[in-house]
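Asks: Take this structure first; my questions come after.
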Amino acid sequence: MTYAVVGTQADRDMYRYKDPMPDNQRLRNPSYQRLLLLLLGFARTHAPCLDVGARKPVTGMTVVPSLRGRLGPHPLAALAAVLPRCWAPVGLEAVLGISESRRRETRPDHFLVHDPAAVAGEHILVVEDTWVQGGHAQSAAAALLLAGAADVTIVVLARRIRTDYQRSLMEASLRQILADREYSLDLCPVTGGRCM
Ligand SMILES: [Zn+2]
């Protein structure tokens, strides 16, 4: 949905929304509120876009669970509650005890699907907060496909961009991607242009 350039508010929001805090305080947290609006806008405007071009409409949804063993419900799950109710929650569990370096790899065995029968033949949406290298979301998607899902679509709130990484390459790409582009609901995150 967005790009989070390191050092900007968009990037800080991706951490601050999930800082440890009581639930009632989180609702007043500006970072949480911005991400809630982002996901609400997506739900209201672009949820049907996910079905265009897919073999089946989306029927189930899961957020990527933390591989770090975070205690309690993840704030991303609270944000995802604004997504369409017709997308049934799919139980996905992170396998804990995986080393930091291996967690970044794309491996379906990093996640367990609670009820493979519930995803078999279905189109499942995977919601991730931040895409760094994509290992977590792609591992979750792979686990769902191995469990029998017909289609998996990954929706990411923010793709993290480090400008100090391959600077010359990045600067050219950033200029092209971000120049004069404010976030707009008119720009479809599914098609990259107008909604189909
Ligand atoms: Zn759209």
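The values are calculated or read from the model by the stated rules, or taken from the named source; none is laboratory data. Everything quoted here is computed from the prediction, not taken from an experiment. Methodologically, a virtual Cβ is constructed for each residue, glycine included, from the backbone with ideal geometry; neighbour enumeration extends over all protein chains shown.
Asks: Here are Val113, Val126: which of them is surrounded by 19 or more Cβ atoms within 10 Å (Cβ to Cβ) and under 27 Å from Gln9 (Cα atoms)?
Replies: On the way: Val113 fails: under 27 Å from Gln9 (Cα atoms).
Result of the check over Val113, Val126: Val126.
Asks: May I ask you to list the residues in the stretch 124-162 that are more than 17 Å from Pro189 (Cα to Cα), in contact with a helix residue (DSSP H, G or I) (Cβ under 8 Å, 6 or more places away or on another chain) and not aliphatic (A, V, I, L, M)?
Replies: Once the filter is applied, which keeps residues that are more than 17 Å from Pro189 (Cα to Cα), in contact with a helix residue (DSSP H, G or I) (Cβ under 8 Å, 6 or more places away or on another chain) and not aliphatic (A, V, I, L, M), the stretch 124-162 yields Gly135, His136, Ser139, Gly148, Arg162.
Asks: Any chance the stretch 35-50 includes a residue that's touching a residue at least 60 places away in the same chain (Cβ under 8 Å), within 23 Å of Leu187 (Cβ to Cβ) and more than 16 Å from the ligand (Cβ to nearest atom)?
Replies: The answer is yes; a qualifying residue exists.
Asks: Within the stretch 13-31, restricting attention to residues that are in contact with a helix residue (DSSP H, G or I) (Cβ under 7 Å, 6 or more places away or on another chain), closer than 13 Å to Asp129 by Cβ and not hydroxyl-bearing (Ser, Thr, Tyr), which residue is surrounded by the most Cβ atoms within 10 Å (Cβ to Cβ)?
Replies: Asp13
Asks: Another question, if that's okay. Within the stretch 173-192, identify whether any single residue is surrounded by fewer than 18 Cβ atoms within 10 Å (Cβ to Cβ), touching a residue at least 12 places away in the same chain (Cβ under 8 Å) and β-branched (Val, Ile, Thr), and answer yes or no.
Replies: So far as the stretch 173-192 goes, yes, one or more of its residues are surrounded by fewer than 18 Cβ atoms within 10 Å (Cβ to Cβ), touching a residue at least 12 places away in the same chain (Cβ under 8 Å) and β-branched (Val, Ile, Thr).
Asks: For the stretch 146-172, which residues satisfy the criterion of being surrounded by 18 or more Cβ atoms within 10 Å (Cβ to Cβ), over 12 Å from the mean Cα position of the chain (by Cα) and of a type in the set (A, V, I, L, M)?
Replies: Ala147, Ala149, Val152, Ile161
Asks: Suppose the filter is surrounded by 14 or more Cβ atoms within 10 Å (Cβ to Cβ) and among the aliphatic types (A, V, I, L, M); does Val52 pass it? Steps first, answer last, please.
Replies: On the way: surrounded by 14 or more Cβ atoms within 10 Å (Cβ to Cβ): no; among the aliphatic types (A, V, I, L, M): yes.
Spelling it out, it is not the case that Val52 is surrounded by 14 or more Cβ atoms within 10 Å (Cβ to Cβ) and among the aliphatic types (A, V, I, L, M).
Asks: Here's a follow-up. If I filter the stretch 129-145 down to residues being free of Cβ contacts under 8 Å to residues at least 40 places away in the same chain and among the polar types (S, T, N, Q), which single residue comes out as surrounded by the fewest Cβ atoms within 10 Å (Cβ to Cβ)?
Replies: Of everything passing the filter in the stretch 129-145, Gln133 is surrounded by the fewest Cβ atoms within 10 Å (Cβ to Cβ).
Asks: Moving on. Of all residues in the stretch 56-89, count the ones that are among the β-branched types (Val, Ile, Thr) and out of contact with any helix residue (DSSP H, G or I) (no Cβ under 6 Å at 6 or more places or on another chain).
Replies: Let us first name the residues in the stretch 56-89 that are among the β-branched types (Val, Ile, Thr), namely 58-59, 62-64, 82.
Those left that are additionally out of contact with any helix residue (DSSP H, G or I) (no Cβ under 6 Å at 6 or more places or on another chain): 59, 62.
Total meeting the criteria: 2.
Asks: List pairs: first residue in the stretch 6-22 and within 20 Å of Arg68 (Cα to Cα), second residue polar (S, T, N, Q) anywhere in the structure, Cβ distance under 6 angstrom, at least six positions apart or on different chains.
Replies: Asp13/Ser31; Met14/Thr130; Arg16/Ser31; Tyr17/Ser31
Asks: State yes or no: is Ala172 modelled with pLDDT of 90 or more and among the hydrophobic types (A, V, I, L, M, F, W, C)? Steps first, answer last, please.
Replies: Details: modelled with pLDDT of 90 or more: no; among the hydrophobic types (A, V, I, L, M, F, W, C): yes.
So Ala172 does not fit the description; no.
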